Amino acid sequence: MKKSSLVIIFTLLAFILKAQNITGKVTSNNAPLPYVNVYLEHTTKGNATNESGNYSIKNVSEGTYTIVASFTGYKSVKKQISINNQNDITVNFELEETDNLNEIVVTGTLKPVSRLESPIPVEVYSTSFLKQNPTPNIFEALQNVNGVRPQLNCNVCNTGDIHINGLEGPYTLVLIDGMPIVSGLSTVYGLSGIPNALIEQIEVVKGPASSLYGSEAVGGLINIRTKDFYRAPIFSADAFVTSWGETNIDLGAKANVGKSASVLFGLNYFNYSNPIDNNNDNFTDVTLQDRISVFQKWNFKRKSGKLFSIAGRYFYEDRWGGEMQWNSSYRSGNEVYGESIYTSRYELIGNYQLPIPENVSFQFSYSDHDQNSVYGDTPYLAKQRIGFGQLLWDKSLTNHDLLFGIAARYNFYNDNTPATTNADEVTIPSIFIQDEIKLDEKQNLLLGARYDYDKRHGSIFTPRMAYRFKPSKNDIIRLNAGTGFRVVNLFTEEHAALTGARDVVIEEALKPEQSYNITLNYLKSLKTNTGESFTFDASVWYTHFTNAIIPDYDTNPNQIIYSNLDGYSTSKGTSINIDAVLNANLRTSIGATYQDVSKTENDVKTQQILTEKFNGVWSVSYKNYPTHLTLDYTGSIYGPMRLPLLGDLDPRSEYSPTWSIQNIQLTYNGFTNFEIYGGIKNLLNWTPNKGNPFIIARPEDPFDENVQFDNQGNVVATNDNPYALTFDPSYVYAPNQGRRLFFGMRYSLN
C-alpha cells in the first residue's frame, strides 16, 4: 500500500514539475492593456490580463504551442513558443489598434471572413459599444446604430420592433450565432433578455439577404454573436439601477466539464415595478416588467478538431401596462383597462461539423413560444414552434469559394383569433448555392441563388449578386443587388391589430411580399502621420416592392385595413458613418441617414407612416488613464414622421417634431476586477407628449362605453367626445420615459 502511494505521489510530482507557467504583459503604445484574451491555440488553456496588463497561464505541459493575444479593437498577435521542464517562460505582447475592418464577421456570407474582405457590407458593434450606454436589452441598445431604429408600437404594453433603413420590424431578421431564432411572435416580446454578458459582437447587414436566410430577411439582418470559451471571463457580473426603480442584473460564467467539454452560462434578470404617470393620463408611462432569461452554451472538444457546439435559452416575462389602478384581478375584465402578457419561451441552437474530410456542417435551431396575453377584455392566446435545420458544404477551389446548402424550416402557429380557425403548420424546404469568385487581386464577385417551396404560395426564387473592388488597401467599393421575399404572419407581427378599438379588416388573401434591392457602398480607412485613424463608410440604396402588406390607417379611422399592394412601394436613401480614433484617450463616431419610404397606388404617393425622413447617431468616449475615468456621451436624433391619427377632428399633430435622446456616463475602473459607472439617460428629458394635448386617445374611456357611432360605423362627435375619437394607444413614436439617473457596478474574474 505504501509503495503504491509513493508511486502516485512521485507521478503527480513529475507531472507538476513538467507543467510550467507562462506569464507576461500586454501593452499598446507602451501603456498596459487590461482585459486582453491570451490563450494557447487549440487548447482550453487561457486567461485575460488584469488592470496592469499582466496575465498568467498556469500548469502548461511540455510541447510546442501557438499563443494568441486578442482584444476587440486591436490586431491579434500570435507567437510560437516551446515549453520544457526547466523554467517558466515570459511572453510579452504589444498590440496595435485596428480600425475594426479586420474583425471576423459571418453574417454576410454564412462563413467567417474579415470585415475588410467581405463582399457584403457588415457593420460590427462590440461589447464596448454596449457599455457606452448600458441598457437592459438589445432592443434599446440598437438606438445608437445608424439607420437602425427601435420602434415602440404601443403606449400601453410597449411592444416594439426594429426598423432598418425605414422598413418595418417584420422585415428585419434577428439571428443568434447565425441561427434565425428570433422571428414571428418573438419579434414582439422576445428581443429582451439576451444576456449582454455573453455577447461578443453584433453584426448588422442592411439590405435583403433572402438568398441565404429565406423569408424575413428583406430589410436586413442583425446577428448577435455570443462569446467563445476563450474570450469569456471565468465569472462576470454587471448590475445597475435607475431612479425610476428599474433593476437589471447580468451574470456570466464559464467552466470546463471533464476533459472534452466546456460551458458558458449567462443569466439576465430585469424588474420594473414602479408605476409612473408623468403625462397625467392615468395610464402607465412605461410597462411594468418582471423578466428572467437563462442561457447556456456548450462546446465539445473532438479528436478531429471539428466543431460541435450547442446552446439553449429559456425566457420568461410577466409584463403589464394600463390604468394606474389596474392589478391582476382585473385581467380580462372590462372594469379597469390593462394589457397583460405572460411570455414563456425556450430556444435551442447548435452547430456540428461532420466527421468527414470535407468541410460540411449541420446547423439547427428550435424555438417554442407560448404567449398568454389579454388586451383589455380581449384575450390573445398564441403558440408558435419553429424548427430549422441546414446542411452546409464549404468548398474552396482555385479562384472559387463555394457554399452549398440544403435547409428546411418548420413552422407551427395557432391562436384563439377568428383569423386562425385551424393551426397554421407548414414545412418549407430550400436549396441554395453561393460562389465567391476571385477575379484578380483587387476584384471579387459573389453570385448566389436560393429556391424555396412553400405549399401555400408555390416556388420562390431569390438570386443575389455582390461585387467588391479594392482599388487600394485603404479603399473598398461594394455593389450589392438581390431580391427579397417574405410570407406575412399578420397577428404575430402587427400588434396594432390586437390593441385599441380599431377593427381589423383583411380584404383579400395576403400574398408573399417581394422586393428588389440595389446598394452601393464605399469604405475608406485613413491614418494620419500623427497617429489619428478615420474610417468612412457611406451607402446609397434603393428597394422596390412589387407587393407589400402595409397597414392602412387612413381610409377609415376606425379600421386597420390589410390588403395586397395595388401599385408599388419604395425605400431609398443614403447613409454615412465616420469613426475616428484621435488618440489613445479619445474615440468618436457619428452617423447620419436620409431616407424616403413611400407607397404609390393609383398614381398617388403616400409617405409610410411612422418612418422618419432622417436620423443620426453619435458617440464620444474619452479615457483619462491617470484617474481611471472614462466619459461616454451618446445620442440619437430623428426627423419628423407621419403618425396615425383617428380622423380629421383629431387634435394631435399629424407629424412628430424632430427629437433627440441623449445620454452621458462616467466610468471608474481603478479597482482590481471592479468598475463602477453612472450617469443620466435622456438628458434632454424628451417625451412625446410635449406639444400634444394627449398621446393615448380617450384614456378616460378605454372600453368605448360612451362613444356613439352612426349607421355606417363612423364615430359621431358629441359633447363628451368632441373630436370623434375611440380609445387608441398606437400614436407612439418615442419612449415615454423621461430623464433618469442610473448607477451600476461590473465585476470580472479572468
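The values are calculated or read from the model by the stated rules, or taken from the named source; none is laboratory data. Bear in mind that the values here come from a model prediction, so they are computed numbers and not experimental data. Cβ coordinates were reconstructed from backbone atoms using ideal geometry, including for glycine residues, and neighbour counts include every protein chain displayed.
Among the residues of the range 590-629, those that are in contact with a helix residue (DSSP H, G or I) (Cβ under 9 Å, 6 or more places away or on another chain) and polar (S, T, N, Q) comprise Ser619, Ser621.
What do you reckon, is Asp603 on the phi > 0 side of the Ramachandran plot and surrounded by fewer than 19 Cβ atoms within 10 Å (Cβ to Cβ)? Spelling it out, Asp603 is indeed on the phi > 0 side of the Ramachandran plot and surrounded by fewer than 19 Cβ atoms within 10 Å (Cβ to Cβ).
So that you can scan it fast, the table gives a plain yes or no per residue for (1) closer than 25 Å to Tyr516 by Cβ; (2) of a type in the set (D, E, K, R):
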site	(1), (2)
Thr574	yes, no
Ile578	no, no
Thr593	yes, no
Val597	yes, no
Asn602	yes, no
Lys613	yes, yes
Pro626	no, no
Leu649	no, no
Tyr655	no, no
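In the range 350-357, the count of residues that are of a type outside the set (Val, Ile, Thr), under 16 Å from Val156 (Cβ atoms), out of contact with any Lys or Arg (no Cβ under 6 Å at 6 or more places or on another chain) and in a strand (DSSP E or B) is zero. Evaluated against (1) of a type outside the set (Val, Ile, Thr); (2) farther than 25 Å from Ile162 by Cβ; (3) in contact with a strand residue (DSSP E or B) (Cβ under 7 Å, 6 or more places away or on another chain); (4) in contact (Cβ under 8 Å) with a residue 24 or more places away in the chain, Asp650 falls short on exactly one condition, (3).
Here Trp326 passes the criteria (1) buried (at least 21 other Cβ atoms within 10 Å of the Cβ); (2) assigned to a strand (DSSP E or B) except the one numbered (2).
Considering only residues in the range 606-629 that are within 30 Å of Ile561 (Cα to Cα) and among the polar types (S, T, N, Q), the one that is surrounded by the most Cβ atoms within 10 Å (Cβ to Cβ) turns out to be Asn615. Annotation note: Cβ proximity below 8 Å between a residue of the range 527-540 that is surrounded by fewer than 13 Cβ atoms within 10 Å (Cβ to Cβ) and modelled with pLDDT under 90 and a residue that is not charged (D, E, K, R) and not in a strand (DSSP E or B) (sequence gap 6+ or interchain) occurs for Gly531/Asn583.
Taking the range 54-71 as the range and being outside any strand (DSSP E or B) and surrounded by fewer than 20 Cβ atoms within 10 Å (Cβ to Cβ) as the test, the residues that pass are Ser61, Glu62. Checking the stated criteria, Asp537 turns out not to satisfy the condition of being over 28 Å from the mean Cα position of the chain (by Cα), closer than 22 Å to Gly166 by Cα and assigned by TED's automatic domain parsing to the domain that holds Thr462.
Within the range 298-318, being of a type in the set (A, V, I, L, M) and in a strand (DSSP E or B) holds for Ile310, Ala311.
Rundown of residues vs (1) outside the structural domain of Ala734 (by TED's automatic domain parsing); (2) in contact (Cβ under 8 Å) with a residue 40 or more places away in the chain; (3) part of a strand (DSSP E or B), yes/no style:
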residue	(1), (2), (3)
Thr555	no, no, no
Leu565	no, no, no
Ser571	no, yes, yes
Gln595	no, yes, yes
Ser598	no, no, yes
Val617	no, yes, yes
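Annotation: Gly333 fulfils all but one of (1) assigned to a loop (DSSP other than H, G, I, E, B); (2) touching a strand residue (DSSP E or B) at 6+ places or on another chain (Cβ under 8 Å); (3) at pLDDT below 95; the unmet one is (2).
Residues in the range 394-409 that are surrounded by 15 or more Cβ atoms within 10 Å (Cβ to Cβ) and either over 12 Å from Ile431 (Cα atoms) or hydroxyl-bearing (Ser, Thr, Tyr) (or both): Asp394, Asp401.
If you go through the range 281-304 one residue at a time, do you hit one that is among the small types (Gly, Ala, Ser) and under 24 Å from Asn248 (Cα atoms)? Yes, some residue in the range 281-304 is among the small types (Gly, Ala, Ser) and under 24 Å from Asn248 (Cα atoms). In the set Ile576, Ile561, only one residue is at pLDDT 95 or above and part of a strand (DSSP E or B); that residue is Ile576.
Restricting to the range 662-687, name every residue that is part of a loop (DSSP other than H, G, I, E, B) and closer than 21 Å to Val145 by Cβ. Residues satisfying the conditions are Asn682, Leu683, Leu684, Trp686. Entry remark, the range 450-467: residues being of a type in the set (A, V, I, L, M) and under 13 Å from Phe485 (Cβ atoms) number 1 in total. Residues of the range 432-455 that are closer than 30 Å to Gly387 by Cα, of a type outside the set (Gly, Ala, Ser) and surrounded by 14 or more Cβ atoms within 10 Å (Cβ to Cβ): Phe432, Ile433, Gln434, Asp435, Glu436, Leu446, Leu447, Arg450, Tyr451, Asp452, Asp454. Can you confirm whether the range 665-674 contains a residue that is buried (at least 18 other Cβ atoms within 10 Å of the Cβ) and either at pLDDT below 95 or in contact with a helix residue (DSSP H, G or I) (Cβ under 6 Å, 6 or more places away or on another chain) (or both)? Yes, because at least one residue in the range 665-674 is buried (at least 18 other Cβ atoms within 10 Å of the Cβ) and either at pLDDT below 95 or in contact with a helix residue (DSSP H, G or I) (Cβ under 6 Å, 6 or more places away or on another chain) (or both).
Residues are listed down the side, and each one gets a yes or a no for (1) in contact (Cβ under 8 Å) with a residue 60 or more places away in the chain; (2) surrounded by 13 or more Cβ atoms within 10 Å (Cβ to Cβ); (3) assigned to a strand (DSSP E or B); (4) out of contact with any strand residue (DSSP E or B) (no Cβ under 7 Å at 6 or more places or on another chain):
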{"position": "Asn689", "(1), (2), (3), (4)": "yes, yes, no, yes"}
{"position": "Pro693", "(1), (2), (3), (4)": "no, no, no, yes"}
{"position": "Phe703", "(1), (2), (3), (4)": "yes, yes, no, yes"}
{"position": "Gly713", "(1), (2), (3), (4)": "yes, no, no, yes"}
{"position": "Pro722", "(1), (2), (3), (4)": "yes, no, no, yes"}
{"position": "Val732", "(1), (2), (3), (4)": "yes, yes, no, no"}
{"position": "Gln737", "(1), (2), (3), (4)": "yes, yes, no, yes"}
{"position": "Phe742", "(1), (2), (3), (4)": "yes, yes, yes, no"}
{"position": "Met745", "(1), (2), (3), (4)": "yes, yes, yes, no"}
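The set of residues in the range 87-134 that are at pLDDT 75 or above, over 25 Å from Ala48 (Cα atoms), in a loop (DSSP other than H, G, I, E, B) and within 19 Å of the chain's Cα centre (by Cα) comprises Ile120, Pro121, Val122.
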